[in-house]
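One structure below.
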Amino acid sequence: MIKTLPRHLITNQFTWLALLPSLIGYCALLGCAPRVVQMVPAEGRPGSIVSLSMEYLVGWPRVEIGNEMMDWPKLKLLATDPARQDVRGEDLVWIEDKVLQFKIPELRPGEYTVTIHDDKGPPGDPIYSFLETTAYLAFPPVWPFVMRSNQTAVKLRVLPAE
C-alpha cells in the first residue's frame with residue numbers, strides 16, 4: 001500500500017518553502033558533484049597523459065594545475081562505455097560517465113593539486129551558461145546537477161623531466 005502525504009503538507013506552501021533550503025543543501029553538498037573515480041597514472045613526467053575516470057562530469061571541463069589552466073582544446077573527453085569509444089567528446093551524453101585526459105604541463109617536480117572545473121556552457125560564453133542554468137532550474141529533476149559544487153580536485157605527483 002502506498003502512503004500519501006498528510007493533506008496539510010500538500011496544501012501548506014510554507015512547508016514546501018521551508019524544505020527548499022534543505023533540498024538545495026543536499027544537492028550542493030552530497031548530490032551529483034563531479035567526482036574522480038580513478039586517476040591513471042598518479043604520477044608522471046611533463047608531457048605524460050593523465051586519465052581521470054569521472055562521474056557526474058556534465059558540463060565543459062577545464063583543468064587547473066600549477067597555476068596553468070587547460071581549456072577544452074587541450075583536453076580530451078572519452079566515454080567510459082567501450083561501445084561508445086568512437087563518440088566525440090562534444091557529443092557525449094551529459095549524464096554518462098567519462099574519462100578526461102590531459103597532458104602534464106611543464107612543471108617543476110613535486111606534488112600538485114589538479115582541480116577539475118565543470119563549467120555550465122562552453123568556455124567564454126556566459127549567455128549560453130545563463131540560459132542553460134535557467135532552463136535547468138525550471139526542471140526540478142535536474143536540480144542536483146545545477147545546485148552542486150562545480151569542481152573537484154585530486155593530487156598528482158610530477159616527476160623530473162628526463
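Note on the range 51-70: among residues that are of a type outside the set (A, V, I, L, M) and loosely packed, with under 15 Cβ neighbours inside 10 Å, the one that is modelled with the lowest pLDDT is ASN67. Restricting LYS74, LYS103 to those that are touching a helix residue (DSSP H, G or I) at 6+ places or on another chain (Cβ under 8 Å), closer than 23 Å to ALA161 by Cβ and not small (Gly, Ala, Ser) reduces the list to LYS103. LEU107 passes every criterion in (1) outside any strand (DSSP E or B); (2) at pLDDT below 95 apart from (2). I'd like the full set of residues that are at pLDDT 85 or above, within 22 Å of GLU132 (Cβ to Cβ) and either of a type in the set (A, V, I, L, M, F, W, C) or in a strand (DSSP E or B) (or both), limited to the range 71-91. Listed by number, the residues that qualify are LEU75, LEU77, ALA79, VAL87. If the condition is being of a type in the set (Gly, Ala, Ser) and either farther than 12 Å from ILE104 by Cβ or part of a loop (DSSP other than H, G, I, E, B) (or both), then the range 33-49 contributes ALA33, ALA42, GLY47, SER48.
Taking the range 98-113 as the region of interest, how many residues are of a type in the set (Val, Ile, Thr) and without any contact (Cβ under 8 Å) to a residue 60 or more places away in the chain? Steps first, please.
Going residue by residue through the range 98-113, those that are of a type in the set (Val, Ile, Thr) are 99, 104, 113.
Filter once more, keeping what is without any contact (Cβ under 8 Å) to a residue 60 or more places away in the chain: 99, 113.
Residues in the range 98-113 being of a type in the set (Val, Ile, Thr) and without any contact (Cβ under 8 Å) to a residue 60 or more places away in the chain: 2 in total.
Confirm whether VAL99 is surrounded by fewer than 18 Cβ atoms within 10 Å (Cβ to Cβ) and not small (Gly, Ala, Ser).
On the way: surrounded by fewer than 18 Cβ atoms within 10 Å (Cβ to Cβ): no; not small (Gly, Ala, Ser): yes.
Judged against the criteria, VAL99 is not a match.
Would the range 113-125 turn up any residue that is part of a helix (DSSP H, G or I), surrounded by fewer than 16 Cβ atoms within 10 Å (Cβ to Cβ) and at pLDDT 85 or above? So far as the range 113-125 goes, no, none of its residues is part of a helix (DSSP H, G or I), surrounded by fewer than 16 Cβ atoms within 10 Å (Cβ to Cβ) and at pLDDT 85 or above. Selection of the range 54-70 for residues being over 22 Å from VAL158 (Cα atoms), out of contact with any helix residue (DSSP H, G or I) (no Cβ under 6 Å at 6 or more places or on another chain) and not in a strand (DSSP E or B) yields TYR56, LEU57, GLY59. Checking each residue in the range 71-95 for being among the basic types (Lys, Arg) and exposed (fewer than 13 other Cβ atoms within 10 Å of the Cβ) picks out only ARG88.
The values are calculated or read from the model by the stated rules, or taken from the named source; none is laboratory data. Note that the structure is a prediction, hence the values are computed from the model and not measured. Counting neighbours? That spans all protein chains shown, and the Cβs are built from the backbone with ideal geometry, glycine included.
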